[in-house]
Amino acid sequence: MRRHVHDAVAAGINLIDLAPRYGDGKAEEVVGEAFGGRLPEGMRVTSKCNLGNAPRAEIEPLLRRSIEGSLERLRLTRIDLFFLHSNVVSDAQHVARRPDAASRMTLYETFVAEGSADLRAARRRGANRPPGV
């Protein structure tokens with residue numbers, strides 16, 4: 001697997017899109033192993049977090065754990081782009097109509113009030129770096 005990552009970079013790939021849910025973290029681990037915590041010049045990585053229908057009080061800790069877990073698996077001190085990987089929906093009735101997908105849905109109100117604010121606060125704190133860096 002590491003060879004494939006190196007082959008992709010050699011072929012000109014300079015962005016690797018990752019998420020903790022891709023292979024239950026294995027995709028991030030493979031990239032971390034391939035580069036030993038030192039990305040090639042010009043290489044960028046992304047990661048994501050699915051907020052789902054988490055209670056508001058759990059959103060900031062959820063984002064923090066997701067970022068820290070990705071950084072650990074990638075063996076990096078930064079992620080270039082961090083996405084909220086949720087289906088943002090208009091209202092609770094939408095969630096109720098799709099109980100099979102509710103865990104992937106985030107209410108728009110929650111996203112605006114909590115998720116985006118928490119991401120901005122994390123960025124100001126330098127949350128894309130593990131503690132002590």
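The values are calculated or read from the model by the stated rules, or taken from the named source; none is laboratory data. Predicted model only: the values in this text are computed from it and were never measured. Note that we place each Cβ from the backbone using ideal geometry, even for glycine, and neighbour counts take in every protein chain shown. These area figures cover heavy atoms from the full protein model, side chains too; ligands, DNA and RNA do not enter into them. Shrake-Rupley method; radii C 1.70, N 1.55, O 1.52, S 1.80 Å.
Specify the residue that is farthest from Glu68 (Cα to Cα); the eligible residues are those in the range 1-20 that are open to solvent by 80 Å² or more (accessible area, probe 1.4 Å) and part of a helix (DSSP H, G or I). Step through it out loud before you land on a result.
Residues of the range 1-20 that are open to solvent by 80 Å² or more (accessible area, probe 1.4 Å), as a first pass: 1-4, 6, 10-11, 13-15.
Then drop every residue that is not part of a helix (DSSP H, G or I), which leaves 2-4, 6, 10.
Values: Arg2: 22, Arg3: 26, His4: 25, His6: 24, Ala10: 28 Å.
Applying the filter and picking the extreme gives Ala10.
Filter the range 21-49 down to residues that are out of contact with any helix residue (DSSP H, G or I) (no Cβ under 6 Å at 6 or more places or on another chain), in contact (Cβ under 8 Å) with a residue 24 or more places away in the chain and assigned to a loop (DSSP other than H, G, I, E, B) and give me whichever is farthest from Ser66 (Cα to Cα).
For the range 21-49, the residue satisfying everything is Gly42.
For Gly69, state whether it is open to solvent by less than 50 Å² (accessible area, probe 1.4 Å) and modelled with pLDDT of 85 or more.
Spelling it out, Gly69 is indeed open to solvent by less than 50 Å² (accessible area, probe 1.4 Å) and modelled with pLDDT of 85 or more.
Given the conditions (1) farther than 16 Å from Ala8 by Cβ; (2) touching a residue at least 12 places away in the same chain (Cβ under 8 Å); (3) part of a loop (DSSP other than H, G, I, E, B); (4) open to solvent by 20 Å² or more (accessible area, probe 1.4 Å), and given that Leu62 satisfies all but one, which numbered condition is not satisfied?
So Leu62 meets the others, but not (3).
Determine whether Glu109 is at pLDDT 85 or above and open to solvent by 40 Å² or more (accessible area, probe 1.4 Å).
No, not satisfied.
Do we have Gly23 as over 18 Å from the mean Cα position of the chain (by Cα) and open to solvent by less than 70 Å² (accessible area, probe 1.4 Å) here?
no
Show the residue pairs that are 6+ apart or on different chains and have beta-carbon atoms under 6 Å apart, the first residue being within the range 76-102 and within 16 Å of Ala19 (Cα to Cα) and open to solvent by 40 Å² or more (accessible area, probe 1.4 Å), the second being hydroxyl-bearing (Ser, Thr, Tyr) and not in a helix (DSSP H, G or I).
The qualifying pairs are Leu81/Thr46; Phe82/Ser47.
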